[in-house]
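These notes are about the structure you will find just below.
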Amino acid sequence: MVGYILSVSDLNAGYGRFHIVFDASFNLADGEILTIVGPNGSGKSTLLKAIFGIATVYSGLVSFKGSDVTRYPPHVKARIGLAYLPQTDNVFAELSVRENLVMASYTLEESEARDRIEEVLNIYPILKQKLDYKAKSLSGGERQILALAMTLIRKPELIMLDEPTGNLAPIIAKELLKKIVQLRDELKKTVILVEQSAKAALEISDRALLMVSGRIAYEGPSKGLLEDVELGKKYLGLR
Amino acid sequence: MVLPSPEFIIYSIAYGSSLALLCLGLTLTYMTTKVPNFAHGTLAIVGATVTLMLIDRVYYQFRGDPLYYSLYIAAPLIAFFVVGLVALTEYLLVLRPLVRKGIGIIGLMIAALAFDIILVNILTMTLHLAPSEYFGKLIGQSLKGFDARVSLADITTTFSRLAMPVVAVILTVTLHLFLTRTKFGIAMRASIENPSLARVLGIDVDRVYIVSWFLAGGLAGVAGSFLSFIIESVKPAAGSLVIVSIFAGSILGGLGSIYGALLGGFLVGFMEPMATIMLQNALSEFLGRTVIITQYQRLFSLLVVIVVLLLAPQGLTGLNYREVIGRVRRVVGVG
Amino acid sequence: MASLIGRYLRLQSLLIVVIAVVAIILAFPLLGLTITDVFSITTILIVVLALNFMAGYAGIPNFGMALFVYIGAFALAGVGTRIALALVEIASPGFIELMRSSYPVILGDSGSFEVFVRVAGDPMVNRIMSREVESVIEASPILSLTLTLAVFGFAMIAGALTGILASLAAVRLREDYLAIVLLAFSELMVSVVFDQTDALAGGPNGAWVVRPWLKINALEGLARLLGTIPDVLISLAVGLAVLAVCFIYVERIANSPMGRMLRAMRDDDLAIGVYGRDVAMTRLKIMAIGAAMASIAGAIHASVYILVKAADTYDRVTWTFIPWAMMILGGMANNWGAVLGGIAVYLGRKAIYYYSPTIASAISPILGIEASVAGDILRAQLPNILVGVLIILVLYLRPQGIIPEKPSRTLSKKDIEELT
């Protein structure tokens with residue numbers, strides 16, 4: 001297992017009585033972008049939530065940097081370097097951008113918090129101009145960037161994003177994907193992406209995972225999935 | 001239309017200010033725990049009772065002494081802490097355990113009502129049993145005569161009526177600064193808006209709820225302390241009528257914003273006596289004889305609850321004017 | 001299998017009720033229970049069943065029961081007295097004139113309309129005339145029957161309309177809004193509108209009622225044996241009959257497709273959003289039926305009283321809160337549970353009441369207060385405090401109550417089919 005930042009083996013998960021993910025296994029190396037794709041309701045988001053500890057894990061193993069973290073509650077996972085960004089409600093809409101960043105650094109010492117906020121503002125200068133705007137007044141793309149910034153404040157090593165481009169216009173989605181590449185290339189983060197609009201996301205990622213009806217149907221380099229005509233046509237709407 | 005006397009307007013402003021604080025507290029606890037606190041009216045009466053007991057102790061000694069006026073600071077302050085603790089007891093001993101057990105909203109509401117009944121009866125018991133130095137017996141006493149008179153030009157009013165709005169404004173500004181300028185205050189707003197995200201970020205949401213309940217109780221205590229000089233008599237059962245006005249103001253404010261609650265509470269509290277007296281004057285003029293309708297004053301609050309829920313259930317803060325006009329049309333049956 | 005469990009549960013609950021009934025009979029002399037207690041239990045059980053229908057099955061948090069019960073009392077004290085006077089005037093024309101000449105000081109210059117207002121509105125006129133009117137009514141089977149039908153008919157219709165009116169503003173909204181509106185409406189109607197308006201039913205002074213019952217001499221002996229009067233026995237008989245009818249009715253609705261729909265509506269948060277209109281209509285229907293039941297209970301309850309006052313007699317503790325406690329203790333959405341809970345809470349309060357002088361004389365020296373003061377407090381405040389504590393404890397320790405809700409049989413069958 002050494003060498004992988006995250007490895008998942010034989011994971012079965014769901015919500016209460018609803019068993020959704022079946023026997024999922026995969027490994028992810030440090031500094032890679034993995035995109036999980038698949039049709040609606042195939043269990044992509046549930047897999048992500050199970051890894052982070054929000055969905056119920058029935059059996060299987062999740063290990064992070066070589067140690068078993070399967071049963072850790074979300075806030076503990078957040079502390080040890082995992083981050084999860086939900087698809088919606090990932091910022092406080094009624095709070096200003098500044099207040100959102102303060103909340104993201106809530107558990108940190110004041111001076112450290114100030115430094116980290118400064119740091120992420122340098123990564124995402126667009127937020128600098130909107131510090132006193134309420135988050136609800138931001139555009140969809142800006143809001144996702146704010147959410148990303150809030151995640152980065154806690155210096156996670158593995159960032160899991162649930163359909164970050166879901167509600168964005170294609171052009172803005174592309175911008176956001178650039179930011180995600182930046183996470184890997186400049187900040188050396190490992191990223192897991194769940195995406196519906198598969199093609200653009202697969203193009204920027206290193207590895208891909210295709211889920212169909214709760215099971216992993218493909219696991220490998222993302223190029224491989226992009227070039228697999230049959231799978232692409234069947235599940236991803238690619239030509 | 002003849003406006004009511006300046007004295008009456010001052011009285012209405014004072015009443016509106018105290019109701020604003022009560023609605024603020026109710027809305028705060030509603031936003032955190034999602035349960036309408038049916039005991040909130042009685043919390044105000046606890047504040048009034050604390051004031052009554054305090055006056056019973058000190059009036060005899062300090063009557064006429066300028067020191068007596070420090071009561072206007074001491075009484076609300078003590079009421080703030082006492083009632084804050086009572087509200088905290090309600091949350092920690094009654095509601096939180098039930099929330100954690102997964103009891104539904106109906107169960108939580110009846111539990112709040114149960115706490116109200118317990119509180120009313122403990123108050124009654126206390127007022128019957130507590131030794132009284134000045135009054136002889138505490139139950140049913142009026143504090144109207146214990147409020148310092150103040151004359152401004154040809155208007156005579158009382159000190160508490162002038163102080164209440166000032167205190168309300170000071171408390172509101174303080175709370176606003178607390179919620180926007182301190183890290184914990186911002187965390188309170190964050191936890192109210194999105195508790196699960198707040199938890200992920202490491203905010204102790206439960207502590208936020210505890211502070212909310214204490215604050216809500218404290219503000220009810222301050223309001224009740226001033227109200228004790230305004231209401232006819234301090235009796236435990238009065239809370240069951242005050243609660244209707246509190247709900248009216250909070251619902252008008254939308255039950256989702258503390259600023260809405262302040263506005264809704266003030267409007268209901270100010271308009272309730274004003275509208276009643278103005279309607280009474282108009283009716284008397286129209287019929288050519290004196291008509292008394294002040295005993296029905298509280299119906300104004302019920303009317304507000306009904307009209308707001310029918311026309312704009314989101315209250316003032318969630319108001320979408322086009323939609324409201326549409327609803328009015330539908331209800332009235334035009335178009 | 002499921003139906004077997006269901007039958008077992010029913011058998012078990014029946015057994016518990018039988019034991020409870022035996023316990024009451026045994027407790028009769030012990031607690032000093034009288035026929036009046038049996039009557040009180042009967043009327044409050046109707047209210048608890050109505051509440052269980054609204055809150056237990058349909059999930060309507062009715063925090064305004066007191067109003068609906070009072071509407072029934074008003075049907076008797078405010079409306080019934082006037083109908084009775086009209087009936088007597090029709091049956092023997094000149095009755096009002098006779099009254100006017102009999103009581104010149106209080107009625108001398110009142111016009112006929114004013115007499116009708118004052119007969120239930122003015123304490124003096126009400127007190128004198130209700131006795132006179134009653135003596136005519138109780139002697140005539142036709143008048144008695146007509147008045148009975150009129151009063152109970154009015155109670156039913158007025159109760160149903162009040163139920164609709166009270167919930168109308170929030171019927172499309174979440175339960176918490178519904179609870180707030182029902183509490184506010186009830187509280188203000190009872191203790192402001194009815195209690196502050198003399199012309200309705202005496203305002204704060206209350207009103208004497210005209211009992212619609214026929215005078216049955218044959219009941220004298222039985223009544224004396226039970227330590228009561230014939231009128232109370234008739235009220236009790238009517239109460240028991242209504243209780244039985246209500247029980248069977250609620251039980252039948254609960255086991256019908258309608259009942260399953262109600263429970264689905266209650267348990268599913270989405271239902272209000274998806275079936276908004278249907279839910280609103282169903283809620284209004286339930287409010288009308290439940291409020292009518294409570295109102296009839298109120299009319300029966302008032303029929304044994306001499307004087308009924310709005311806010312004093314129909315306070316929210318006795319008629320809203322205690323029925324809730326009874327229902328929650330017994331088990332929501334279970335009629336046997338409601339009955340059992342009702343009897344248990346009533347007897348518990350009675351026991352405190354009964355033993356309070358003994359306890360008072362024991363604890364008064366410790367607390368340093370007079371025994372009579374301690375006794376008053378034990379009787380007036382302690383039972384309410386304990387009922388409040390009971391509700392919170394039951395919700396915490398056994399939220400399903402003594403007898404839990406029966407599992408829905410159709411659902412279980414479907415579940416079994418899916419599994420096999």
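Descriptive notes on the structure:
- Rounded, prolate or oblate (a/c below 1.5 giving rounded, otherwise prolate when a/b exceeds b/c) for chain B by Cα gyration tensor: oblate
- Sorting A:Lys223, C:Lys285, C:Lys309 on solvent-accessible area from highest to lowest, probe radius 1.4 Å, gives A:Lys223, C:Lys285, C:Lys309.
- Calculated from backbone phi, Karplus (6.51, -1.76, 1.60) coupling profile of the stretch C:156-161 in Hz, x at Gly/Pro: 5, 5, 5, x, 4, 5
- Rounded percent of accessible protein surface that carbon and sulfur make up, the stretch B:181-335, 1.4 Å probe: 65 percent
- Area hidden from solvent between B and A (accessible, protein heavy atoms only, 1.4 Å, total, Å²): 1500 Å²
- Lysine pairs in chain C whose alpha-carbon atoms fall under 28 angstrom of each other, counting only those eight or more residues apart or on distinct chains, come to 4.
- For peptide B:99-110, the mean count of partner chain Cβ atoms within 10 Å of a residue's Cβ comes to 6.
- Note on the protein assembly as shown: Rg/Rh from C-alpha atoms, Kirkwood Rh, equals 1.03.
- Beta-bridge orientation, the protein assembly as shown: approximately 65 percent antiparallel, per DSSP, counting only bridges with both partners inside.
- The H on the amide N of A:Val212, modeled in the peptide plane, is under 5 Å from the matching H of A:Ala217, each at least 5 residues off or on a different chain.
- Amide H partners (placed H, <5 Å) of B:Val150, local residues excluded: B:Thr157, B:Thr158, B:Phe159
- Shielding by other protein chains, C:310-322, mean Cβ within 10 Å: 2
- Exceeding the 23 Å Cα-Cα cut-off - candidates A:Lys49/A:Lys134; A:Lys178/A:Lys233; A:Lys179/B:Lys183; B:Lys144/B:Lys235: A:Lys49/A:Lys134; A:Lys178/A:Lys233; A:Lys179/B:Lys183
- Taking θ as phi - 60° and the Karplus parameters 6.51, -1.76 and 1.60, the scalar couplings of the stretch C:207-222 work out to 9, 6, 9, 9, 6, x, 6, 6, 7, 10, 5, 5, 7, 3, x, 4 Hz in sequence order, x denoting glycine and proline.
- Cross-link partners of A:Lys189 among aspartates and glutamates, defined as those whose alpha carbon lies under 17 angstrom from its own and excluding same-chain residues fewer than eight positions apart: A:Asp30, A:Glu32, A:Glu119, A:Glu157, A:Asp162, A:Asp206.
- Expressed as a whole percent, the accessible surface of chain C that belongs to carbon and sulfur atoms is 69, based on a 1.4 Å probe.
- Across the stretch C:38-314, the mean sequence separation of Cα contacts (distance under 8 Å, 6 or more residues apart), normalised by length, yields a relative contact order of 40 percent.
- Loss of accessible area when B meets C, both sides summed, Å² nearest 100, probe 1.4 Å: 4000 Å²
- Per-residue SASA entry for C:Ile296, accessible area with 1.4 Å probe, Å² rounded to 10: 30 Å²
- Rolling a 1.4 angstrom probe over chain A with all protein chains present gives an accessible area of which 51% lies on carbon and sulfur atoms.
- Efficiency of FRET from Cβ geometry, C:Ile164 and B:Thr294, R₀ 41 Å, rounded to 0.05: 0.90
- The mean sequence separation of alpha-carbon pairs under 8 Å and at least six residues apart, normalised by the residue count of the stretch A:92-155, gives a relative contact order of 50 percent.
- Efficiency of FRET from Cβ geometry, C:Asp376 and A:Tyr58, R₀ 60 Å, rounded to 0.05: 0.50
- Only Lys, Arg, Asp and Glu carry charge here, each on its Cβ (+1 for the first two, -1 for the last two); on that basis the stretch A:118-161 has a dipole of about 200 debye about its Cα centre.
- Helix-derived mean residue ellipticity, 222 nm - over the protein assembly as shown, DSSP H n ≥ 4, -39500 (n - 2.57), to 500: -20500 deg cm²/dmol
- Within a straight-line Cα-Cα reach of under 18 Å, A:Lys44 can be paired with the following lysines, leaving aside sequence neighbours fewer than 8 residues apart in one chain: A:Lys199, A:Lys234.
- Inter-label distance, nm, simple model (7 Å from Cα along the C-beta direction), A:Asp30/C:Asp267: 5.2 nm
- Debye log10 I(q)/I(0) for the stretch C:274-328, one point scatterer per Cα, at q = 0.32 Å⁻¹: -1.17
- What the phi angles of the stretch C:164-171 give under the Karplus curve with 6.51, -1.76 and 1.60, with θ = phi - 60°, is a coupling list of 5, 4, 5, 9, 3, 5, 10, 5 Hz, glycine and proline written as x.
- Between the amide H of A:Tyr84 and those of A:Met160, distances stay under 5 Å, these residues lying 5 or more places away or on another chain, with hydrogens modeled in the peptide plane.
- Remark: chain A carries 46 Å² of accessible area per residue (probe radius 1.4 Å; ligands, DNA and RNA excluded).
- Principal axis dimensions, the stretch A:92-155 - Cα atoms, whole angstrom, descending: 30, 22, 17
- Per residue accessible area in Å² of the stretch B:152-208, where ligands, DNA and RNA are left out and the probe is 1.4 Å: 47 Å²
The values are calculated or read from the model by the stated rules, or taken from the named source; none is laboratory data. Computed from a predicted model, the values in this text were never measured in an experiment. Cβ atoms come from the backbone with ideal geometry, glycine included; neighbour counts cover every protein chain shown. For accessibility, only protein heavy atoms count, side chains too; no ligands or nucleic acids. Shrake-Rupley method; radii C 1.70, N 1.55, O 1.52, S 1.80 Å.
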